[in-house]
1. Report, by chain and number, residues whose modeled amide H sits under 5 Å from the one on M231, excluding near sequence neighbours (fewer than 5 apart, same chain).
2. From a point 7 Å beyond the Cα of E238 in the direction of its Cβ, which residues of segment 177-191 have a backbone N at a distance under 20 Å?
3. Please compute the modelled spin-label separation between A81 and D298, points set 7 Å along Cα→Cβ, answer in nm with one decimal.
4. List the lysines whose alpha-carbon lies under 18 Å from that of K85, not counting same-chain residues fewer than 8 positions away?
5. Can you check what the net charge comes to around K271, using other residues whose Cβ is under 9 Å from the Cβ of K271 (Lys, Arg +1; Asp, Glu -1)?
6. If neighbour count is taken as other Cβ atoms inside 10 Å, put S36, S304, S241 in order from fewest to most.
7. Could you give the length gained on full extension between E9 and F283, defined as 0.36 nm per residue of separation minus the Cα-Cα distance, in nm?
8. State, to one decimal in nm², a quarter of the convex hull surface area for the C-alpha atoms of the chain, i.e. the direction-averaged projected area.
Amino acid sequence: MHRLELTEEEVEAIQLLGREVASRHGSVEEDDFLDSASTYAQELPRRIRRFLNAFRLMEPSGVCVISGYPVDDAKIGKTPAHWRKEPGSSATLEEEVFLNLCGALLGDAIAWAHQRDGLICQDLVPIESHKEEMLGSGSERDLVWHTEDARYSYRGDYIGLMCLRNPDAVPTTFTSIDEVRLDPDRIEVLFEPRFVFRPDPSHPTDNKREKAPVLFGDPGSPYVRFDPYSMDRPETEEARSAMDYLIRAIDENLTGVALLPGECLFIDNYKAVHGRSSFKARFDGTDRWLKRINIARDLRKSRSLRKAPASRMLL
Ligand SMILES: [Fe+2]
């Protein structure tokens, strides 16, 4: 995997920058912070900037990890019982700043107005009443692999995850499409706009659909948009068979990484599908806790859905 291990000097520089930014902004949800994130990000150590720039530009891998940021388990407090934020300042603001500044090297963070109150930086924690559900807040069922927000043309280009706590080493699963050996004759139909994408369960108030291809871009190294769990079964046998072929090929290549506290995982949402293995949550403040952001490379593309040029909220 494409991985960067931070040095002690780099960690010190990141913490200094994180504290300064956190003292200027009460929250990473503030417009002021979001407008300045890419400026602050230029002060991150050069190795991080070079690493994420290469990930963005060269597409060496569907996922990458930055490890070595220390998380103080006592300071961050208990794993919250819900993603809805408590009023007041966050005990994890410096961690949120680090994740967001790394993300700002890949693009601009976005949020959906109809998902999780439009939060930019979301807590991925198990919720007791969701434990049987196919959601990021579920636990007892595998979160089946998917492209994030596959139904939407304006979905993020990247997902950033930062692990704060993962005591049971629950893997985040993924398959990079470049790792899958695809038979060109079997996938031709997947490049045609014959596949119907429905909103996934994390967008409960949306009921629109979008017809699009599953694979696009360079046929030799395609981009992928695929979420069989939230897609219609195609009408033709040819399309069904191609879809099943790709499902099997992705399943066979599915791998995973159990993130450690402080590790940031960036998933290229065009080059990899991702999911999560099931786990037994305790709901006692000690469970797995990740922060998540969604990043668009070109905010301008979704201008028709946003109120202002710099607004991050997709309506
Ligand atoms: Fe996801």
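FYI, it's all coordinate maths here, none of it is from the lab. All figures in this text were calculated on a predicted structure; none of them were measured in a lab. Neighbour counts run over all protein chains shown; Cβ positions are idealised from the backbone, glycine included.
1. R198
2. Backbone N within reach: 183-191.
3. Taking the simple label geometry, D298 and A81 are separated by 4.6 nm.
4. K75, K291
5. Numbers: positive: none; negative: E59, D178, D268.
Spelling it out: positives minus negatives among the neighbours equals -3.
6. Listing S36, S304, S241 from fewest to most nearby Cβ atoms yields S304, S241, S36.
7. Fully extending the segment from E9 to F283 adds 95.0 nm.
8. Answer in nm², one decimal: 15.4.
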